[in-house]
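The values are calculated or read from the model by the stated rules, or taken from the named source; none is laboratory data. Fair warning: this is a prediction, and the values are worked out from it, not measured in the lab. Using ideal geometry, Cβ is built from the backbone for each residue, glycine included, and neighbour counts are taken over all protein chains shown. SASA here: full protein model, heavy atoms, side chains in, ligands and nucleic acids out. Shrake-Rupley method; radii C 1.70, N 1.55, O 1.52, S 1.80 Å.
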Amino acid sequence: MPKKTIKIFDRFLLPVVLPGLLIFLWEYLAHKGVIRSTILPAPSVISATFYDMVVSGELWGHLKTSLWRVFQGFALGSSLGLIAGLLISASPRVERSLLLVTGILRPIPIIAWVPVLILWMGIDEASKVTVISIGTFWPVLLNVIHGIRSTDRKHIEVATMLGKNPSSILIHVILPSALPSIFTGLRVGIGIAWMSVIGAELIAASQGLGYLIAYARELSQADVMLVGVACIGFTGLLIDILLQCIEKRLLYWNVNLSGKG
Amino acid sequence: MTAAGKEMLRIRNVSKRFELDSGSVLALDNVSMDVKPGEFISIVGSSGCGKSTLLRLVMGLESCTSGNIELGETNISKPSAERGMVFQESRLLPWKTVAENIAFGIPKTNPKKEHNAIVKEHVELVDLHGFEQALPYQLSGGMQQRVSIARALVGRPNILLLDEPFGALDALTRIQMQLEILRIWETERKTMILVTHDIDEAIFLGDRVIVMSARPGSIRKVIHINLPRPRDRSSTEFMNYRRDIFQEFFGEQQKPFVFEI
Ligand SMILES: Nc1ncnc2c1ncn2[C@@H]1O[C@H](COP(=O)(O)OP(=O)(O)O)[C@@H](O)[C@H]1O
Ligand SMILES: [Mg+2]
C-alpha cells in the first residue's frame, strides 16, 4: 500500500473501525432478540428516531436551549475565573484571605448546588446558568494561577531590564506565557459546563437535552433517551474539537502544540 | 558621538553579599575598575566568582551591598536604556517574531512611527535580513543570540553588557559571532563588557582582560592586550597572552597549554 493511503487509513478510518464493529454486533444481537428492545433498542431503531426528531425540529430545540445555557454560564464562569486568577496571582494577601473559602467551596460537587440554587434563584434560567458558571469557574481559576506562576522569571527580568511597566509586562510577557495553561483551563471548563447543564436539566427543566432524557424515561421511550445521550456525546466532542482548533491558531508559537500534528 | 557616550563607567569598592537561609555569600569583595567610553573589556574567571553579579550590578538589576557604580556623574540604581544586556540564553519571547522581539527593546519614549525603521536597521546590523517574521523556535542558537543582541541595541545604549553570550554555541558559530561582535563594536563604537569562560575569546576581543578570582569574587589581575585588530589567534604574541592568563589560573607548576616555539 502506498504511504499516503496508509496515512489516511490511520488518521480517519482507524478511529471508526471499533465503533463500527460494535454497532454491527449490537444490531445483530437485537435482531436475534438477545437484547430486549425496551431496554436497548437496535441502532437502526435509534437512527430512525433520531431522523424523525431532527426533521420535526424537536431535537434542535432542546440542543439549542442547552447550548445557549452553556454559552452563558461558560462566559460568566470563565471571565470570573480569569479575573479572580489575576487578582490572586497579583497579591499574596488576596490569596491568603481566600485560601479557606476556596478550600471549602472547591470540593463541592456541582450537582449539589442545583437544589440550593433553585431555592435561591427559582427554577428558570438563572439557576442553571449559575450552576454552569460554578462548574467552569474552578478549572479556569486554577489553571490561570498555575499559568501565571510558571512564567519564566528570566523573561520578566528581560522586560524589567528594558524598562517596561507592570501593565506592559502583564500584556507582553505574563499573559502570553500563561495562555497555554489558560486554554487547558477553558477546555476542562467547557467539558464540565456541558456536564453541568445536563445535570441541572435532569433535575428540573422544561427544555433542553437533560429534560429530554428525563421526560423520555418517564414515558419509557428508550430510543428517545438514547438519542439524547448520543447527542450529548457528539456535541461535547464537537465543542472540544472547535476549542482545539482555536487553541492551535492562537498558540502558533507553542512548539509543544505544533509538534502534535 | 553624543556627550553621554563619552561618560566614564566607574566601579568603586563594590561588594555584594547575598543573604540566604543557610547563611550569606560574599559574591563580590571590594571590586574597583574604570571603563573608558568605547573600551572593550573582557572578564574571565572560574564559575561562581561573581562575573554575572558584577554585570547585573552595572545593569542595575541588583544593588550593591557597599560601594557604588557611576556612569559619568549619575549613580546606577536601576535599569536604563543607556545600558543593554545579552545573556547566555537568548531569553527571546517565544510568542513574538524576530521583528517583534527586537521592537520590544525600543524604549517607549521613542515615537511609534520610527519603530519600523529602527527594527529594520538592527535586523541588517545583526545580519538577519529575511528572518523578520520567523519565530524563535525556528532559529538556530546563533541566530537567536543575534536577535538578542539586536534587542539590546535598539535602545541605543552606550554600554553593552554581554554575559557569556556565546557560551552555549558550537565552536565555529562562536568564532563567527566573535567577528560579528567585533564588527558591531567597530561600527557602533559602544563600550562593551564581555564575560566569558573562553580565554581565546577574551584576548581576541578585549582591550583589557580582567582576571577574577573566586570566594570572594575579586579582581586578580588586569592584562592590557596591545595587539592590532583583527587579531591572529595563532601569533606568538597571542600565545604569550594566553600563557600569562593560564598561569593566573593554574600557577607556575602546571602549564597545561604552553607552546614553546
Ligand atoms: N540571587 C542570588 N542569590 C543568592 N546567591 C547568589 C545569587 N546570585 C548569585 N549568587 C551567588 O553568588 C556567587 C557568584 O555568582 P555569579 O555572579 O552568578 O557567578 P559567575 O557568573 O561568575 O559564575 C555564587 O556563589 C552564587 O551562588
Ligand atoms: Mg554567570
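Overview of results
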item	result
Selected residue (criterion: most open to solvent (accessible area, probe 1.4 Å)) from residues of the range B:160-199 that are without any contact (Cβ under 8 Å) to a residue 40 or more places away in the chain and aliphatic (A, V, I, L, M)	B:L172
Within the range B:158-205, tally of residues that are more than 16 Å from ligand 1 (Cβ to nearest atom) and closer than 19 Å to B:G50 by Cα	2
Helices (runs of 4 or more DSSP H) wholly inside the range A:108-203 that include at least 3 residues being open to solvent by less than 40 Å² (accessible area, probe 1.4 Å)	A:125-149, A:153-161, A:175-203
The range B:40-55, residues that are closer than 22 Å to B:Q178 by Cα and either touching a strand residue (DSSP E or B) at 6+ places or on another chain (Cβ under 7 Å) or within 9 Å of ligand 2 (Cβ to nearest atom) (or both)	B:F40, B:I41, B:S42, B:I43, B:V44, B:G45, B:S47, B:K51, B:S52, B:L54, B:L55
Conditions (1) open to solvent by 50 Å² or more (accessible area, probe 1.4 Å); (2) assigned by TED's automatic domain parsing to the domain that holds A:P166: number failed by A:S44	(2)
Total residues in the range B:58-87, condition over 18 Å from A:T160 (Cα atoms), buried (at least 16 other Cβ atoms within 10 Å of the Cβ) and of a type in the set (V, I, T)	2
Residue selected from the range B:88-125 under the condition at the interface with chain A (Cβ under 8 Å from one of its Cβ atoms) and within 21 Å of the chain's Cα centre (by Cα), by the criterion surrounded by the fewest Cβ atoms within 10 Å (Cβ to Cβ)	B:P107
Residues of the range A:128-175 satisfying the condition of being facing chain B (nearest Cβ under 8 Å) and in contact with a Pro (Cβ under 8 Å, 6 or more places away or on another chain)	A:T160, A:M161, A:L162, A:G163
Residue match in the range B:33-43 (condition: surrounded by fewer than 21 Cβ atoms within 10 Å (Cβ to Cβ), of a type in the set (K, R) and part of a loop (DSSP other than H, G, I, E, B))	yes
Enumeration of residues in the range A:204-236 that are farther than 21 Å from A:V131 by Cα, open to solvent by 30 Å² or more (accessible area, probe 1.4 Å) and hydrophobic (A, V, I, L, M, F, W, C)	A:L219, A:M225, A:L226, A:A230, A:F234
